[in-house]
Amino acid sequence: MAFEQAPLPYDPGALEPSGMSAETFSYHYGKHHKAYVDNLNKLVADTELADKSIEEVIQTSFKEGKTGIFNNAAQAWNHSFFWNCLNPSGGGAPTGAVAEKINSDLGGYDKFKEEFKTAAATQFGSGWAWLVLDNGTLKVTKTPNAENPLVHGQVPLLTLDVWEHAYYLDFQNKRPDFIQNYLDQLVNWDYANQNLAAA
């Protein structure tokens with residue numbers, strides 16, 4: 001059974017008022033994400049991985065050093081996860097259980113913001129910034145290229161894509177502005193709460 005690219009959870013133009021253009025989505029979702037899914041299907045066709053879940057493909061290919069399969073599987077998963085971390089009416093301080101854990105584990109929302117902005121801004125080259133649950137404790141992490149928390153035994157709650165194609169059309173080379181805009185206008189705390197509840 002072929003892996004499929006999940007539809008966006010909102011219209012491609014829905015985030016324009018919040019700083020992410022429909023043009024960005026036409027490239028990022030329509031070309032980059034689609035290519036990862038298409039390449040993954042080609043790479044696992046007629047192999048024992050073809051009938052596994054994408055999470056199993058990520059784990060197995062990472063352990064076995066199957067770089068091509070891992071990169072495409074992880075990037076397909078990362079992007080599907082990332083789209084859900086954005087909300088046209090998102091941004092601002094968290095609520096619910098995530099807010100409580102940010103206060104207890106990370107010292108409050110302001111400290112979380114600084115830690116997250118630093119992780120996202122200092123990821124050299126391409127990669128991701130994450131809020132994860134690690135052995136019951138919230139942590140802010142960053143990963144290079146396609147790597148994600150699944151391969152480190154962590155539960156991802158939120159992510160921000162800091163590959164250049166995620167922001168260059170809207171923010172040019174100003175990655176810090178893109179990060180700030182995500183926190184102020186787009187971050188989907190409801191999704192983070194869902195992920196925490198399911199952990």
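Some points to look at:
- Criterion: under 16 Å from the mean Cα position of the chain (by Cα) and among the charged types (D, E, K, R) - qualifying residue of Lys34, Lys63: Lys34
- Subset of the range 141-159 [touching a strand residue (DSSP E or B) at 6+ places or on another chain (Cβ under 8 Å), in a loop (DSSP other than H, G, I, E, B) and within 14 Å of Ala73 (Cα to Cα)]: Asn145, Glu147, Asn148
- Residue check for Thr141: β-branched (Val, Ile, Thr), surrounded by fewer than 16 Cβ atoms within 10 Å (Cβ to Cβ) and outside the structural domain of His32 (by TED's automatic domain parsing): no
- Selection from the range 160-199 of residues that are acidic (Asp, Glu) and part of a strand (DSSP E or B): Asp161
- Remark: pairs (first residue in the range 67-95, under 13 Å from Val187 (Cβ atoms); second residue outside any helix (DSSP H, G or I) and among the acidic types (Asp, Glu); Cβ separation under 8 Å; 6+ apart in sequence or on different chains) = Phe82/Asp161.
- Against the numbered list (1) in contact with a helix residue (DSSP H, G or I) (Cβ under 8 Å, 6 or more places away or on another chain); (2) in a loop (DSSP other than H, G, I, E, B), Phe124 comes up short only at (1).
- Condition check for Ala76: surrounded by fewer than 19 Cβ atoms within 10 Å (Cβ to Cβ), in a helix (DSSP H, G or I) and under 18 Å from the mean Cα position of the chain (by Cα): no
- Members of the range 15-52 that are over 17 Å from Ser80 (Cβ atoms), in a loop (DSSP other than H, G, I, E, B) and hydrophobic (A, V, I, L, M, F, W, C): Ala45, Leu49, Ala50
The values are calculated or read from the model by the stated rules, or taken from the named source; none is laboratory data. Treat the numbers as computed from the prediction; the structure is a model and nothing was measured. Don't worry about glycine lacking a Cβ; one is built from the backbone with ideal geometry, like all the others, and counts go over all protein chains shown.
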